[in-house]
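The values are calculated or read from the model by the stated rules, or taken from the named source; none is laboratory data. Note that the structure is predicted; figures quoted are calculated from it, not measured. Backbone-built Cβ (ideal geometry, glycine too); neighbour counts: all protein chains shown.
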Amino acid sequence: MLKTLLLCGAAACVPLVAQPIQLVQETGLKDYGGVPFLADLTGDGRNEFLWLQSPGMFYSKVYDRPPYAGRFAFSQEELTHFCLTATDTKGKILWRVGQPWRGTRPFVTHSSERSLAVADLDGDGKPEVAVIRRGALVILDGRTGTERRSAALESDNMQIVLAARTGSGPRDWTLLVKNAEAAYPPHEYGNPAFFYSPDLKVRKKADYLGAGHTPRAQDLDGDGLDEFLIGFNRIGPRLQTAWSFRPVPDAEWNPLEMHVDAMAVGELQGQPAIAYAASNQTFALTAGRGSLLWKRPSSHPQQPQIGRFVAGGGNQVLIVNKRGTLDLVDENGKELWSWDPPAHFPAGRSPHAAGRFHVFDPAVLLPRTGPEGTDTVAYSDNGWPYLVDGKGTLYRTFPHTPNTAQEFGKVPGRPDDYGYGYYVRVDTTASTPDAWRVVINDRRWMWVYSVARSR
């Protein structure tokens with residue numbers, strides 16, 4: 001519910017209704033802008049920002065091999081570029097590792113949105129930053145950026161790092177480091193995965209069915225310890241496989257086509273569940289045993305979100321299809337609607353950014369921001385982000401400024417790999433019971449919004 005404010009003059013007070021989405025800050029990122037990460041680096045309970053410039057998966061020489069050979073053409077400067085900048089919420093630089101990109105065209109990156117994690121790995125009450133840099137896992141002091149330790153990785157195609165609480169002690173953390181894309185033989189696509197101790201000793205190496213792009217680490221059973229979700233597998237805090245789901249018979253398995261693109265955890269049919277976007281289908285499994293609740297055909301789904309998008313009853317699953325429709329299904333997998341989201345470039349569209357984007361996390365869940373206290377998503381695959389509600393409509397837009405216009409010239413690959421498009425993040429430490437703090441950025445600018453939500 002929106003708060004009513006009073007604007008008072010000499011004669012009387014006039015009631016004003018606060019706007020549901022308000023721009024509260026616009027900040028230039030100078031030359032350090034990149035992939036955003038939010039984390040408390042100072043220990044004050046509020047998030048700071050980390051801005052990563054890295055080629056991500058393109059650093060790997062696996063893309064010099066068939067069937068990828070000749071598909072990409074990058075300079076050595078592009079392939080080895082690395083810069084990580086920590087700032088406060090106003091953009092003031094706290095520390096930096098490396099130098100910002102100075103090339104004549106935007107730097108290239110793909111899959112680096114998963115290349116960094118923050119946790120108190122050594123149990124001293126102060127955060128460390130774990131980041132992938134040029135084939136190595138590096139641990140930095142979160143307050144200063146000073147390198148604490150590093151370890152060369154077994155192969156150069158590791159792009160993902162996740163931190164998980166796997167024990168009750170202050171140092172009981174495990175770092176998952178894995179490949180997200182093309183694999184070196186004998187591994188399948190998205191494999192292998194490594195589990196590291198805080199002192200960077202390998203605890204386990206394994207391959208997982210459907211490993212894909214977006215593993216998760218979270219407490220699924222309420223015991224205070226995190227489990228890992230990697231592809232169609234749940235791995236416990238002791239690194240044992242709790243269950244593995246096989247979506248097709250072994251003879252039909254194709255790791256390149258059937259890997260997990262993304263997953264969401266929530267409640268379906270009155271129990272904890274996981275929704276998967278994989279191949280040309282969306283699956284829903286029970287989180288406890290990995291039992292199939294339902295599956296349905298989709299058009300190369302890229303991301304699911306579980307939420308209460310429709311008032312009354314249980315949750316629904318919103319499905320983002322690759323450069324295609326948004327679909328909403330009920331908790332039993334029955335389609336409620338399919339909608340083709342419109343392009344939205346209120347400040348103008350570059351001719352070099354034709355077609356839909358293919359960004360990481362194109363639908364960010366914003367609970368209780370829709371009609372009757374329902375959930376919405378901030379959708380960003382078709383231009384400047386906007387809210388989509390449970391009716392399949394463009395519900396609300398984020399106020400824009402002239403700086404939201406993007407023109408980086410012609411680029412030699414996918415526009416979103418070179419800076420076209422926008423990231424959306426939620427700063428939970430700056431949010432309140434009445435409003436989410438939503439951060440949108442590209443490589444040049446950051447915009448911070450207050451998005452009203454119902455209690």
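Tabulated data for the structure shown
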{"quantity": "Number of the condition not met by Lys204 [criteria: (1) over 20 Å from Met57 (Cβ atoms); (2) part of a loop (DSSP other than H, G, I, E, B)]", "calculated": "(2)"}
{"quantity": "Flag for Asp250 being buried (at least 18 other Cβ atoms within 10 Å of the Cβ) and more than 29 Å from His358 (Cα to Cα)", "calculated": "no"}
{"quantity": "Residue within region 157-166 that is crowded, with 18+ Cβ neighbours inside 10 Å and more than 22 Å from Arg234 (Cα to Cα) present", "calculated": "yes"}
{"quantity": "Elements of type strands (runs of 3 or more DSSP E) in region 1-74, at least 3 residues being over 26 Å from Tyr386 (Cα atoms) and at pLDDT below 95", "calculated": "4-8, 13-17"}
{"quantity": "Flag for Ser350 being touching a Pro at 6+ places or on another chain (Cβ under 6 Å) and more than 27 Å from Val248 (Cα to Cα)", "calculated": "no"}
{"quantity": "Cross-chain or 6+ apart pairs with Cβ under 6 Å, region 264-290 first and outside any strand (DSSP E or B), then of a type in the set (Asp, Glu) and at pLDDT 95 or above", "calculated": "Gln269/Glu331"}
{"quantity": "Residue in region 291-304 that is out of contact with any Cys (no Cβ under 9 Å at 6 or more places or on another chain), of a type in the set (A, V, I, L, M, F, W, C), closer than 17 Å to Trp337 by Cβ and part of a strand (DSSP E or B) present", "calculated": "no"}
{"quantity": "Filter result (of a type outside the set (Lys, Arg) and closer than 22 Å to Leu318 by Cα) within region 392-426", "calculated": "Gly392, Thr393, Leu394, Tyr395, Thr397, Phe398, Gly421, Tyr422, Tyr423, Val424, Val426"}
{"quantity": "Unique residue being under 12 Å from Asn157 (Cα atoms) and of a type in the set (Phe, Trp, Tyr) when the list is Tyr208, Tyr196, Tyr189", "calculated": "Tyr189"}
{"quantity": "Pick from region 331-359, criterion within 24 Å of the chain's Cα centre (by Cα), at pLDDT 95 or above and among the charged types (D, E, K, R), ranking: surrounded by the most Cβ atoms within 10 Å (Cβ to Cβ)", "calculated": "Glu331"}
{"quantity": "Residue match in region 446-454 (condition: modelled with pLDDT of 95 or more, assigned to a loop (DSSP other than H, G, I, E, B) and surrounded by fewer than 18 Cβ atoms within 10 Å (Cβ to Cβ))", "calculated": "no"}
